[in-house]
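Down below is the structure, laid out as structure tokens.
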Amino acid sequence: MAAAIQYNPKTVSIFGDSYTSNAFVKDAGIAYSPLSSIGAGGRGSFLVLDDRSVGGCTAQHAMTDTGPWRDILTVGGPFDFSAAYDIAEYQMFRYGINEAVAMAYGVYVFSLEDFEYCINAMVSISQGVGRKPLLCTPPVLPVRGLMTQTSVSRLDDVRNRIRRVATLRNVPLVELGDWTFTAQDMADDYHPSAILMNALNMDLGGRLGEIIKGGY
């Protein structure tokens with residue numbers, strides 16, 4: 001592990017998937033930026049840094065420098081290398097949906113035991129380089145298309161595993177598992193409409209801001 005560089009106070013890197021990647025999407029004519037929504041929800045209590053998340057990414061990708069993680073230009077290697085070079089004071093890990101749903105040839109690609117191991121390892125790495133890790137649970141998604149009942153159940157397991165790591169490691173948790181979307185709320189099988197994604201990420205920003213203002 002590399003020696004950590006100095007971080008900038010009250011800055012946040014969110015390592016995650018398409019729920020946070022700073023891509024503009026259009027839904028009913030609405031342009032939407034997750035990071036802008038998170039920052040707005042935080043009401044100036046922190047600065048969220050760009051380009052730490054990418055669609056399709058998982059915690060396993062981050063730990064092994066594979067898949068979509070390699071498309072993130074700001075990381076330059078697996079998380080245990082890149083964490084020390086991140087200039088944010090806070091590092092949030094927002095994974096789990098892709099781990100719950102990704103399949104190949106009718107078989108789930110990711111082990112949820114491995115997911116829990118990776119989330120725990122990322123917390124350890126973050127703390128080891130002097131950063132302040134945070135965790136976040138994904139919302140409850142409906143059975144819809146590729147999001148089968150089995151995938152919904154796996155997503156329940158994902159949330160419980162994230163909660164367990166947060167409790168065992170005494171790490172703050174942003175609980176978005178209290179958001180439940182219906183089939184009518186969804187823009188596709190995995191994402192709610194842009195309006196609801198904006199509301200979800202505004203809420204994340206508000207809760208994150210309270211954690212930071214609380215002195216963590």
(request) Could you please tell me which pairs satisfy a Cβ distance under 9 Å, a separation of 6+ or placement on different chains, a first residue in region 192-216 that is modelled with pLDDT under 95, and a second residue that is exposed (fewer than 15 other Cβ atoms within 10 Å of the Cβ) and assigned to a loop (DSSP other than H, G, I, E, B)? (result) S193/A28; A194/A28; I195/A28
(request) Among what's in region 161-170 and is β-branched (V, I, T) and under 15 Å from the mean Cα position of the chain (by Cα), pick the residue that is nearest to Y19 (Cα to Cα). (result) I162
(message) What pairs come out if I take residues in region 165-177 that are of a type in the set (D, E) and pair them with residues that are not in a helix (DSSP H, G or I) whose C-beta lies under 7 Å away, six or more apart or interchain?
(response) E175/T137
(message) If I ask for residues that are of a type in the set (D, E) and farther than 15 Å from A102 by Cα, which ones from region 157-187 would you list?
(response) E175, D178, D185
(request) Identify all residues within region 55-80 that are among the aliphatic types (A, V, I, L, M) and assigned to a helix (DSSP H, G or I); write none if there are none. (result) A59, A62, M63
(request) Please specify each residue of region 134-160 satisfying the condition of being assigned to a strand (DSSP E or B) and either within 16 Å of the chain's Cα centre (by Cα) or closer than 27 Å to G205 by Cα (or both). (result) L134, L135, C136, T137, V140, M147
(message) Take the conditions surrounded by 15 or more Cβ atoms within 10 Å (Cβ to Cβ), farther than 28 Å from G106 by Cβ, at pLDDT 95 or above and β-branched (V, I, T) and apply them to V174. Does it pass?
(response) yes
(request) Could you check, for region 193-210, whether at least one of its residues is over 17 Å from S36 (Cα atoms) and crowded, with 17+ Cβ neighbours inside 10 Å? (result) no
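The values are calculated or read from the model by the stated rules, or taken from the named source; none is laboratory data. Note that the structure is a prediction, hence the values are computed from the model and not measured. Neighbour counts run over all protein chains shown; Cβ positions are idealised from the backbone, glycine included.
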